[in-house]
Amino acid sequence: MEQKFFNRELSWIEFNSRVLFQALNKKNPLMERLQFISIVTSNFNEFFQVRVASVKRLNLSKPDFIDSCGLKPKQILSEISKRCHELFTEQNNCLINDILPEFAKNGYEYLSPEQYSQNQLEYIQTLFKEEIFPLLTPLRTDTKPFPHIQNLSVYAAFLLNPISGIKTQSNILKGDDNIQRIALVEIPENIQHIFLLPSASKTKKQFAFLDDIITTFGTMLFPGFNVKESLVFKVTRDADFAVDEDSGENFIHAMEDVLIQRKSSFPIQITATDTSKAILEFLKEKLELSDEDVYILPAFIDPSGLTEIRSWNTKQELCYEPWEHFYSSTLPEEEPFWDELKLHDKLLHVPYESYDPVVKFLNDAANDKDVLAIKMTLYRTGSNSPIISALERAAQNGKQVIVLVELKARFDEERNIAWAGRLENAGVTVIYGLVNLKVHAKILMILRREADTIRRYVHLSTGNYNTKTASLYSDLSLFTTNPEITSDATMFFNLVTGYSSLMPMNKLGMAPVTLKERLISMIQREEGRSTKENPGLIIAKMNSLTHEEVIEALYKANNAGVKILLNIRGICTLIPGIKGMSENIQVVSIVDRYLEHSRIFYFQNSGSPELYCSSADWMPRNLDRRIELMFPILDGEVFKEVKEILDTYFKDTTNAHKLLPDGKWKSIHSDKNEFRAQEFLYEKYKKLNDTKSNGSKIEFKVRRK
């Protein structure tokens, strides 16, 4: 039987490979290449904590389980390890043999301990004694239980030998002379990780890493002992925990328990330097890890620590050319949006356009005496959020404010718990998600009294209400007063905040109730109406595609002659280009300076095209286990703009890759016909802004005699 799906985990690894590709690309500025390296590390941290942990647990509970690709859990783990080892090596080689030497050429030189001059050694020794030594706590490992190693924390490990002839005050503390003494020292996270060194060069800044300093002078931590060998390592633990959804009023406490469990869960992976085989074997045994779980690096360099160099940099050529976030050309900067939105829907495309209109929309509502209520969902909000401040002020001004805060947003749980408490203290009614379902929909509704009626204003988005990520992630959002959409929005909030039977929605698709069925129905409609003379057309852009029911529907549409163009940033388990199954399906992916995050779906529909945006990817978690929304683009001008944006992503010949039938991704870079989608979009919004600015400066001169 022919394989119909790629493995999800292996497909994700190839996404991270495409991120690494940008770090390897010497056409990218040096600081940005470092940033891509840092993203690769962060991505892998989450991948091992969540996805690899999940497969490991499956291997323990159901070792004979076979996935849709024909692989057992043990086989998947083996393939993951093989490919990840290749990418770890490639990443580390890029960092050590390429990026660090390029930094040195540009005046920022990393020195390993062997390169320290005598003057620098004396400086570092003083630094260690005064600023670092007091913060370190060595842990002996011959105790029971074995010292707990924190998730993702970096440690230095030391193999010690007692100095002959030196007596300790207590033989109990010293221990048996015949045992292997290994001590662990957690490297503090709350101090800087790069230290500038005194240098004779006027053109170069020389620096050392905290890890190197600690391993160099770690012997001071162990009076009476010599350091025979040392090693730097990091352990990744299982973080794929689900909160007890039946915990009732103690749900927040249950969520806090999950955060605690993450720090002490079972080990998944260890990354370590190659400086001590004895220590590594000891750690493997204590942590119960296999060779597949061990990733050896010639040097332990955390790329996120290197990003501190950005604050030193004065060379613009080492960074991307600054791209401004332009204020929308269709929304007023001073006046509220009420009158504009009564006439037409408005589109916002961040980060090319500024996120300020969304913040303004909420601020205007908070201050407007005629606004009666604000209802919205919050999934990830960021720190120091002006969104939170506006909601607080609205409640303090007497508005009814209802906010559904999703506490189960992975790795943002602690922050969301804090925001929820802060909102409640301001008088906001906070709903803590739904039992067994994450609320991932992004929707905001404002109710305003106008001329003996109450008008509803709705904002729907593909991305979170997060001002920080709105400057880094590419997302689309819609402002509308369309009565069918606002009526659906009202039903949505009634459903997720109270007791309400599900009423049919006219325009909004909602997961897990109607969204998947509507998507499959539209794919089937395209299949049914496709002819040789007029083949159907589906164009879709999203983060990931893994839902097997949806993929099966796409395969059937393919066999009916429907042309299917997919732009998938991350995971894609659909196999394109197979005759009789997917020869009409093309899959491309773009990784560039902005994270592609928008979800856009186009169906040709025999000449009556339909266009949708959504908070949902085509994945089981989004369509079956989350509250998501898909919203139609009904306004003619907005429809035209969104379709042009969607088409643009299929023209890229600079940062695009094409998925091949064997699961590999091939760069489709072309020097002869170079087109960069993100740059094109930036220039488009820049021209719109220039036109708006020039128009506002027109002077009307009166002709006189």
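The values are calculated or read from the model by the stated rules, or taken from the named source; none is laboratory data. Since the structure is predicted, the reported quantities are computational estimates derived from the model, not experimental observations. Methodologically, a virtual Cβ is constructed for each residue, glycine included, from the backbone with ideal geometry; neighbour enumeration extends over all protein chains shown. These accessible areas exclude ligands, DNA and RNA; they are computed on the full protein's heavy atoms, side chains included. Shrake-Rupley method; radii C 1.70, N 1.55, O 1.52, S 1.80 Å.
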- [ ] Please report the base-10 log of the normalised intensity I(q)/I(0) for segment 301-367, using a Debye sum with one equal scatterer per alpha carbon and no solvent, at each q in 0.12, 0.28 (1/Å).
- [x] -0.53, -1.27
Task: For residue 380, residues with placed amide H under 5 Å, excluding near neighbours - done: 465
Task: Sorted peptide list for 422-433, 383-394, criterion being average Cβ within 10 angstrom, highest first - done: 383-394, 422-433
Task: Net charge of neighbours whose Cβ lies under 12 Å from the Cβ of residue 657, counting Lys and Arg as +1 and Asp and Glu as -1 - done: +2
Task: ³J(HN,Hα) computed for each position of segment 317-323 - Karplus, 6.51 cos²θ - 1.76 cosθ + 1.60, integer Hz, glycine/proline x - done: 5, 7, 10, 4, 4, x, 10
- [ ] Note down the net charge around residue 461, summing +1 for each Lys or Arg and -1 for each Asp or Glu among other residues with Cβ under 11 Å from its Cβ.
- [x] +1
Open item on the list: Per residue, how large is the accessible surface of the chain? Use a 1.4 angstrom probe and give square angstrom.
Closed with: 46
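What percent do you get for the relative contact order of segment 568-642 when only Cα pairs under 8 Å and 6+ apart count?
19
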- [ ] Would you work out which of 164, 536, 568 lies farthest towards the positive end of the dipole of the chain, given +1 charges on the beta-carbon of Lys and Arg and -1 on that of Asp and Glu, about the Cα centre?
- [x] 536
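Would you calculate, for the chain, the mean residue ellipticity at 222 nm contributed by helices, counting each DSSP H stretch of 4 or more residues as -39,500 (n - 2.57) and dividing by all residues, to the nearest 500?
Helices in the chain give a 222 nm mean residue ellipticity of -10500 deg cm²/dmol.
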Open item on the list: With the cut-off at 1.5 for a/c, could you classify segment 507-649 from its C-alpha gyration tensor as rounded, prolate or oblate?
Closed with: rounded
Task: Total charge dipole magnitude, the chain, about the Cα centre, Cβ charges on Lys, Arg, Asp, Glu only, Debye to nearest 20 - done: 1100
Task: Between 0 and 90°, nearest 10: helix 30-47 axis offset from the chain longest Cα axis - done: 90
- [ ] Kindly rank 351-359, 325-333 from highest to lowest mean number of other beta carbons found within 10 Å of each residue.
- [x] 351-359, 325-333
Task: Relative contact order computed over the chain (Cα-Cα under 8 Å; 6+ residues apart), in percent - done: 11
Open item on the list: Given R₀ = 51 Å, what would the calculated FRET efficiency be for residue 517 paired with residue 104, taking r from the Cβ atoms and rounding to 0.05?
Closed with: 0.30
Task: Chain lengthening between residue 281 and residue 114 when straightened (0.36 nm per residue, less Cα-Cα) - done: 57.6 nm
Open item on the list: If you average the C-alpha positions of segment 470-486 and of segment 555-598 separately, how far apart do those two centres end up, in angstrom?
Closed with: 25
Task: C-alpha long axis of helix 548-559 to longest principal axis of the chain, angle in ° - done: 60
TODO: Compute the relative contact order of segment 465-592 as a whole-number percentage, counting only Cα pairs closer than 8 Å that sit 6 or more residues apart in sequence.
DONE: 17
- [ ] Mind sorting out which of (1) 89, 65, 56; (2) 115, 72, 49; (3) 98, 79, 62 is the real Cα extents along the principal axes in Å computed from the coordinates?
- [x] (3)
Open item on the list: Between 0 and 90 degrees, rounded to the nearest ten: what's the tilt of helix 636-648 against the longest Cα principal axis of the chain?
Closed with: 40
TODO: Give a residue-ordered list of calculated ³J(HN,Hα) values for segment 359-368 (Karplus: 6.51 cos²θ - 1.76 cosθ + 1.60, θ = phi - 60°; whole Hz; x for Gly, Pro).
DONE: 5, 4, 4, 6, 5, 4, 5, 5, 9, 6
Open item on the list: Which of the three applies to segment 1-153, rounded, prolate or oblate, going by the alpha-carbon gyration tensor with a ≥ b ≥ c and a/c under 1.5 meaning rounded?
Closed with: oblate
TODO: Work out the length of the dipole vector of segment 14-86 about its Cα centre, built from +1 on the beta-carbon of each Lys and Arg and -1 on the beta-carbon of each Asp and Glu, and round it to the nearest 20 debye.
DONE: 80
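Rank by packing, highest mean first: peptides 570-576, 137-143, with packing defined as the count of other Cβ atoms within 10 Å averaged across residues.
Peptide ranking by packing, descending: 570-576, 137-143.
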- [ ] Would you please classify the overall shape of segment 422-507 from the alpha carbon gyration tensor, given that a ≥ b ≥ c denote the square roots of the eigenvalues, rounded means a/c under 1.5, and beyond that prolate means a/b larger than b/c while oblate covers the rest?
- [x] rounded
Open item on the list: Can you compute 3J(HN,Hα) from phi for each residue in segment 578-585, using the Karplus curve 6.51 cos²θ - 1.76 cosθ + 1.60 with θ = phi - 60°, rounded to whole Hz and x for Gly and Pro?
Closed with: 9, 4, x, 9, 8, 5, 9, 9
